[in-house]
Structure formats: structure tokens, C-alpha cells
Amino acid sequence: MQCPMDAAASGTSPVMQCHSIPDESTSHSSPLPTVLERSQRHCYGDGTPGEFPLAVSPSIVLHVLSACDLDPKDLAALEATCTLFSKPANFAPYFALSLPELASFDMCQKRTMFKLMTQEEKECLKQQCGGSWKHVLRYILVREKNVSRVIAGPGHSIVVTTSGDVYSFGANCSGQLGLGDSEDRFKPCLIRSLQGIRITQAAVGSRRTMLVSDTGRVYAFGKDSFRGAESVEAAHTNQITTPKVVESLKGVFVVQAVIGGYFSAVLSREGRVYTFSWGKSERLGHNSEPSDVEPRLLSELEDVPVAYISAGNCYLLMLAYQPNGMSVYSVGCGLGGKLGHGCKNNKGMPKLIEQFRSLSFNPVSIAAGTWHAAALGADGRVCTWGWGHTGCLGHGDEEYKAVPTVVEGLRNVKAVHLSTGEYTTFVVADNGDVYSCGSSESLNLAFQGDDEAEEEEGPDFSTPSIVESLKALNKKVAQVCPTNASYWLNSEMGHPHTFAVMESGVLCAFGGGTRGQLGVKLLEGVEKVSVPMHVPIDLS
């Protein structure tokens with residue numbers, strides 16, 4: 001494991017808080033013994049050459065633990081090894097905390113969302129997460145590992161770089177690119193009006209975009225409605241062509257936003273979920289009009305810290321943090337069994353999906369597709385449920401599943417990432433291979449050939465298959481991001497498209513591109529491509 005101890009070598013200059021330990025001596029009585037000790041590779045004491053008694057300098061140990069970005073599980077394992085890591089480290093002002101606990105706190109403190117909290121708010125979050133800073137760190141990391149910086153919307157695309165800059169391209173009929181006009185773009189364009197604002201996450205819907213900054217502000221542009229899909233009132237909806245702060249959310253520190261087919265939702269840093277619109281008939285736990293601009297708290301989960309949310313066309317999944325494992329809640333339209341409760345009933349209030357416990361399945365990631373859903377387990381297994389049209393669930397048929405069901409076709413694959421679109425599922429394995437199942441009509445699968453050369457019945461995509469066109473690139477894939485919206489509601493935007501993010505930071509795209517959503521201008525008469533094309537943005 002490489003530890004970034006030398007800031008100068010990496011080209012960065014992190015500002016770290018140095019803790020002082022009472023009575024820790026770092027001086028010698030004369031320079032001669034120091035020289036002798038160094039020549040014998042003795043650091044302190046009477047140890048054999050090459051040994052370094054860690055207990056002599058806990059501040060160095062703390063620096064290493066914090067700088068290496070260790071996983072909370074690794075820190076907990078260290079705490080169980082010996083008294084050096086389990087006893088109080090005696091650092092002011094947290095004298096009773098162990099070194100792993102202090103390292104966890106320091107790593108939380110690197111995040112702006114945590115740094116800007118009052119001490120009382122930090123302690124409250126700590127208790128909500130289980131009473132440990134290691135739990136708080138894990139809670140934060142769950143969202144960071146799930147959030148994608150590349151979003152393939154219906155007709156337009158958004159890319160957020162590691163430095164917080166935002167590029168947009170594609171359809172711009174409602175100003176959804178945030179560039180100050182309504183002209184389509186066929187190559188990535190930097191949203192310059194966001195200069196000085198660090199964006200951490202983006203959400204894309206039909207003719208609308210929402211961005212979240214590291215200070216918890218939400219910026220929106222495009223169609224001025226929290227409904228993602230088109231509606232009869234669309235002709236009368238105002239348009240915003242440059243990023244504008246969502247005033248109704250100024251009292252909420254937002255860390256994530258999502259746009260579904262008929263609603264929008266945001267997640268606060270405290271783990272609370274707020275929804276906009278589509279609240280009639282208790283679909284999302286409250287009654288509201290489509291034009292509603294006020295965030296409505298899902299109070300049923302107020303005491304359950306939610307780490308990540310994912311929106312489908314008409315339902316919402318929530319990944320909740322618990323010290324002994326994650327859990328998943330769902331709310332909204334239950335047609336096709338996509339809420340995962342064993343029935344097709346709608347749920348107006350969030351309800352725990354209990355099937356995971358029966359499967360001994362610890363979910364660490366969720367993906368709410370347009371009409372079906374998927375979850376990734378800590379052990380690398382994948383579950384899918386909901387509508388099974390075109391075989392998108394990967395179970396070898398097109399039957400719906402009303403509860404999460406393990407995909408047996410991936411039993412020899414350790415999955416590390418998954419994503420869903422409209423009747424499409426992608427799974428990335430730990431070796432970088434990409435598997436997919438479901439509809440090939442939208443070219444979201446990127447491995448079908450010439451339409452005229454295909455057999456009349458077409459290939460079978462009801463079980464997971466390797467996406468050969470991505471494998472042929474000889475680059476390890478980290479994430480796949482398909483359009484997750486109804487094609488029927490957004491047909492004027494062209495065919496759906498998909499991005500593949502490589503571990504190296506290279507970005508590729510395939511699928512529909514008539515509006516510029518691939519980041520490149522296609523040849524005249526060409527509407528879609530099945531071979532991944534390079535997008536000129538570096539995400540390394």
C-alpha cells in the first residue's frame with residue numbers, strides 16, 4: 001500500500017492539523033549519539049537495526065493512518081490488534097480517543113460537508129451512525145463510492161471533474177446545459193458561470209439539470225420544474241439557462257440530488273431525504289402539486305441516516321446506514337414489483353425491503369432503473385427485481401420479480417459496480433470486465449452488430465454477457481453510466497446513450513448522438529454508434 005507521506009512529491013500541499021502529545025521528547029543531549037544511532041539505523045531505544053518502536057511517536061502513526069485513507073474496517077481491525085491502537089491516544093482535545101478513532105475523525109474533517117458542521121452537529125451525526133467516528137467515515141464513504149461524476153441524461157450529458165468543474169453537452173432546448181442559451185452543443189463545454197464553485201455531484205432529467213456544491217448548495221437550470229418527465233404544462237414552464245440556486249433548499253445542507261420521471265429528491269448531510277412534486281395520493285409520503293417547489297421531508301426515515309438515494313421513473317430507493325450493515329428502503333409506484341416487497345402495490349411511506357436479510361445479502365450499492373432495480377452486495381453478488389422486459393433482470397427470462405433475486409449468471413463474478421437504465425443493467429467486475437443484460441434496441445449494450453445482419457428474432461440478452469466492444473479497448477473499466485429515463489417520454493431527444501469511465505480517467509461513449517450527447521458530432525445521416533468513442537475530457 002502506497003502512503004502519500006511526501007506532499008511535495010505528489011504536487012499537493014495538504015494542510016494537516018498537528019496534534020501535540022504531553023511529555024513526548026524529540027531532542028537528544030548531544031549530536032554524536034544521534035549520528036551513531038542513525039548510522040546503526042536505530043531510531044530510538046535498544047531495538048535491533050531497522051526497528052522503529054511505533055509507540056514512541058503516536059503523532060507519526062496518526063499521520064500515516066490519516067494520509068493513507070484507510071478503510072474504516074481496516075481501522076477497526078487495527079484497533080483490535082494491540083493496546084497501541086486500542087488505548088486512548090491522549091491527544092488534545094480528544095484525550096479518550098484511540099489512534100484509529102482520531103484518524104477517522106481527521107479523514108471526516110477533510111470533507112467540506114463535515115468540516116462546516118458545528119461540534120454539536122458532528123456529535124449528533126456520530127450518535128446516529130452508531131457512536132463511532134469510524135462509522136461516520138464509513139457513512140460518508142458509502143455515498144462517495146456510489147456517486148457518479150458522469151451522467152447520461154435523456155438527450156444531454158453532464159460531467160463533473162475531480163476539481164469540481166462541470167462540462168455539459170447535447171440537447172439544450174430548455175437551457176439544460178447551463179450555458180446561457182438554448183443551442184445544442186456537440187462537444188463538452190465548461191460552465192464558466194460556476195467559476196469559484198466546487199461541484200461534487202450532478203443529477204439530470206428531461207430538459208433539466210441539478211448540481212450540488214461542496215458547501216451544500218443546489219443549483220438548477222433548464223425546465224423550471226421539479227418533475228423530470230414532460231407534462232401537459234410543459235409549454236407553460238419557465239426556462240433557466242444559467243445555474244440558479246434553489247432558494248427553497250437554502251436551509252438544507254444537500255450532499256446529493258436525483259431527478260426521477262415525475263419527481264426530484266435530495267439527501268442532506270445528516271441523512272434526511274426530501275422530495276419535490278408527485279406527492280398526490282401519498283405516492284411519496286405527502287400531498288403536493290407538480291408545481292410545488294418546497295422540499296418535503298420523508299419524516300418516517302428522520303431517525304435513520306440515509307447514505308445514498310437513487311430515483312427511477314416513479315419510485316425512489318434509499319440506502320440507509322447501520323453499524324451492522326446497510327439496508328434498503330423504497331417508496332412510490334409498485335407496478336412490476338420494483339419496490340421489492342413481494343407485491344405490486346404502491347407505497348406512500350418508505351418501507352424496508354426485508355428480502356435482503358433472508359438472502360444474507362449486505363447491500364452496499366443500489367441502482368433504481370426506469371422500471372427495474374438492482375443492488376450490489378458487499379460480497380460481490382448482484383440482486384435485481386422489478387419489470388423483466390427484454391431480460392433486463394438477467395435471470396434468463398422476461399418475468400418480473402417482486403423481491404430482490406440473486407443473479408445466478410454472475411455467481412462466478414465479483415461485482416464492484418452496477419448501473420441501470422431503461423430495461424438495461426450493467427455490472428462491472430473486479431477485473432474491469434463489463435457484463436450487461438436487457439434491451440439492445442437503444443444501443444445501451446454496445447455489442448450488437450449491423451441491424452440488417454441480425455437474425456429476425458435477435459440475440460438473447462436475458463442473461464449477463466460480457467460487453468466485447470468495451471473489452472476490446474484493453475482498458476480497465478471503473479463505471480458504466482447509461483441513460484436512465486423513459487425513451488417514450490423523451491423520444492425527441494434521440495436514442496439513449498451510455499458512458500464508460502476507465503480506471504485511468506479516460507471517458508468513452510456509445511449509443512444515440514443526434515443531439516450531441518456523446519460529446520462528438522456524428523457524420524451526417526448517422527444517429528447512433530455501437531462502438532465506444534473517446535470523449536475529450538480527462539477524469540484522472
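The values are calculated or read from the model by the stated rules, or taken from the named source; none is laboratory data. Predicted, not measured: the structure shown is a model, and the values here were computed from it. Using ideal geometry, Cβ is built from the backbone for each residue, glycine included, and neighbour counts are taken over all protein chains shown. Note: areas computed on protein heavy atoms with side chains; ligands, DNA, RNA excluded. Shrake-Rupley method; radii C 1.70, N 1.55, O 1.52, S 1.80 Å.
Taken over segment 63-86, residues that are more than 21 Å from Tyr139 (Cα to Cα) and in a helix (DSSP H, G or I) amount to 6. For Asn412, the conditions (1) closer than 25 Å to Ser504 by Cβ; (2) out of contact with any helix residue (DSSP H, G or I) (no Cβ under 9 Å at 6 or more places or on another chain); (3) among the polar types (S, T, N, Q) are fulfilled apart from (1). Taken residue by residue, segment 109-127 has no member that is open to solvent by less than 50 Å² (accessible area, probe 1.4 Å) and at positive phi. Out of (1) within 30 Å of Gly388 (Cα to Cα); (2) surrounded by fewer than 18 Cβ atoms within 10 Å (Cβ to Cβ); (3) without any contact (Cβ under 8 Å) to a residue 40 or more places away in the chain; (4) not acidic (Asp, Glu), the odd one out for Ser299 is which? With respect to (1) within 30 Å of Gly388 (Cα to Cα); (2) surrounded by fewer than 18 Cβ atoms within 10 Å (Cβ to Cβ); (3) without any contact (Cβ under 8 Å) to a residue 40 or more places away in the chain; (4) not acidic (Asp, Glu), Ser299 is out only on (1).
Among the residues making up segment 88-104, those that are surrounded by 14 or more Cβ atoms within 10 Å (Cβ to Cβ) and not polar (S, T, N, Q) are Ala89, Phe91, Tyr94, Leu97, Leu99, Pro100, Glu101, Leu102, Ala103. Taking the criterion of being touching a helix residue (DSSP H, G or I) at 6+ places or on another chain (Cβ under 8 Å) and more than 20 Å from Thr370 (Cα to Cα), the residues of segment 422-436 that qualify are Asp433, Val434. Considered as a group, the residues in segment 203-230 that are at pLDDT 90 or above and open to solvent by 10 Å² or more (accessible area, probe 1.4 Å) include one that is nearest to Ala368 (Cα to Cα), and that residue is Val204.
Could you list all residues from segment 483-540 that are of a type in the set (Gly, Ala, Ser) and either open to solvent by less than 10 Å² (accessible area, probe 1.4 Å) or outside any loop (DSSP other than H, G, I, E, B) (or both)? Once the filter is applied, which keeps residues that are of a type in the set (Gly, Ala, Ser) and either open to solvent by less than 10 Å² (accessible area, probe 1.4 Å) or outside any loop (DSSP other than H, G, I, E, B) (or both), segment 483-540 yields Ser486, Ser491, Ala500, Gly505, Ala509, Gly511, Gly512, Gly513, Gly516, Gly519, Ser530.
Just so you know, in segment 414-443 the residues that are modelled with pLDDT under 95 and part of a loop (DSSP other than H, G, I, E, B) include one that is nearest to Leu473 (Cα to Cα), and it is Leu443. Summed over segment 336-368, the residues that are of a type in the set (S, T, N, Q), closer than 19 Å to Cys392 by Cβ and within 21 Å of the chain's Cα centre (by Cα) give a count of 1. Annotation: of all residues in segment 231-249 being under 13 Å from Cys173 (Cα atoms) and in a loop (DSSP other than H, G, I, E, B), the one that is modelled with the lowest pLDDT is Thr237.
The number of residues in segment 457-482 being open to solvent by 20 Å² or more (accessible area, probe 1.4 Å) and assigned to a strand (DSSP E or B) comes to 4. Of all residues in segment 302-318, none that is farther than 27 Å from Lys126 by Cβ has its Cβ atom under 6 Å from the Cβ atom of a residue that is surrounded by fewer than 24 Cβ atoms within 10 Å (Cβ to Cβ) and at pLDDT 95 or above, 6 or more apart or on another chain. In this structure, does Ser419 turn out to be open to solvent by 40 Å² or more (accessible area, probe 1.4 Å) and of a type in the set (Ser, Thr, Tyr)? No. What's the number of the condition Ala367 fails, among (1) out of contact with any Leu (no Cβ under 9 Å at 6 or more places or on another chain); (2) on the phi < 0 side of the Ramachandran plot? Failing condition for Ala367: (1).
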